[in-house]
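Participant: Next up is a structure, given as structure tokens.
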Amino acid sequence: ALLAQAQRRPPLVLRINLQRTSVADWLARCQQAGIEALPLGGVAVHLPKPVPVQQIPGFEQGDCSVQDAAAQMAAPLLLDALGPAPANRPWQLLDACAAPGGKTAHLLERAGADAEVLALDVDATRLERVNANLQRLGLRACTLVADAARPDTWASADLAFDGILLDAPCSASGIVRRHPDIPWLRRPDDLAALALQQRQLLQGLWPRLRPGGFLLYCTCSVFKIEGEDQ
């Protein structure tokens, strides 16, 4: 069933930015523009007939972003686990493998002034996409080119976070319909190498979690070696 699903055309799903508009208002604008849009729950909306992002109401102004429905689960999972921010300060959050920035932006859109986010990525070019997405959405985060597995190279010894989002590098075996080259490029020994990288990230970041905090580990893999076994 997974293999069959991976052969289907992926849906165009958007995340509505509630700091700029409401789902109801945005859907009304789509109706006026003659674009069919269906709410999926939360801030997710499905466009049955895909259109270029330039034609999506409010996209350039930051009213919405392209993000799969499953990916939209990450920010609420982490923030709901944390609950209300402390009275004297905002939550200190880390998005450890942030590019292209969808989950970083969702954390900021949902938490508002209750969170400060540090977004890391080891790839400077990919981190530029994070900055571009945040600028379009009118959001602010601290972005840094760094290896999340080695906090000693980018953080002081006492730096700790209330919440850490680790969307770890993986085989991407669960999003083949988005990346049809994956079945052709992946090799059997990739899984062991990726699992080792994921373990190094977990071991490096776990000590940077404050007592009582939460670390959300996620991948887009269907293999247990990259998920439950970690």
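Participant: Using a/c under 1.5 as the rounded threshold, could you call region 130-230 rounded, prolate or oblate? The axes a ≥ b ≥ c are square roots of the C-alpha gyration tensor eigenvalues, and prolate needs a/b larger than b/c, oblate otherwise.
Facilitator: oblate
Participant: Sorted by packing (mean other beta-carbon atoms within 10 Å per residue), highest first, where do 165-178, 133-146, 186-199, 114-127 land?
Facilitator: Descending mean neighbour count gives 165-178, 114-127, 133-146, 186-199.
Participant: Heavy atoms only, probe 1.4 angstrom, no DNA, RNA or ligands counted: give me K224, K103 ranked by accessible area, highest first.
Facilitator: K224, K103
Participant: Please give the per residue accessible area of region 12-65, computed with a probe of 1.4 Å over protein heavy atoms only, in Å².
Facilitator: 52
Participant: With all protein chains present, how much of the accessible area of the chain (probe radius 1.4 Å) comes from carbon and sulfur, to the nearest whole percent?
Facilitator: In the chain, the share of accessible area belonging to carbon and sulfur is 55 percent.
Participant: Additional query: Taking only protein heavy atoms and a 1.4 Å probe, what accessible area per residue, in Å², does region 145-208 have with all protein chains in place?
Facilitator: 56
Participant: Still on this model: Bin by bin, in steps of 10 Å, what percent of the Cα pairs in the chain do you find, going until the bin that has the longest distance?
Facilitator: 7, 30, 36, 22, 5, 0
Participant: Follow-up. Contact order normalised by length for the chain, with contacts defined as Cα pairs under 8 Å and 6 or more residues apart; what percent is it?
Facilitator: 18
Participant: In square nanometres and to one decimal, what's the mean projected area of the convex hull around the Cα atoms of region 80-190?
Facilitator: 8.8
Participant: Amide H to amide H under 5 Å from L215: which residues, 5+ apart in sequence or cross-chain, H placed 1.01 Å off N in plane?
Facilitator: Hits under the 5 Å cutoff: I164.
The values are calculated or read from the model by the stated rules, or taken from the named source; none is laboratory data. Quick caveat, the model's predicted, so the values are computed rather than measured. Neighbour counts are summed over all protein chains in view; Cβ atoms, including those assigned to glycine, are modelled from backbone coordinates with ideal geometry. The area values use the complete protein model at the heavy-atom level, side chains included, leaving out ligands, DNA and RNA. Shrake-Rupley method; radii C 1.70, N 1.55, O 1.52, S 1.80 Å.
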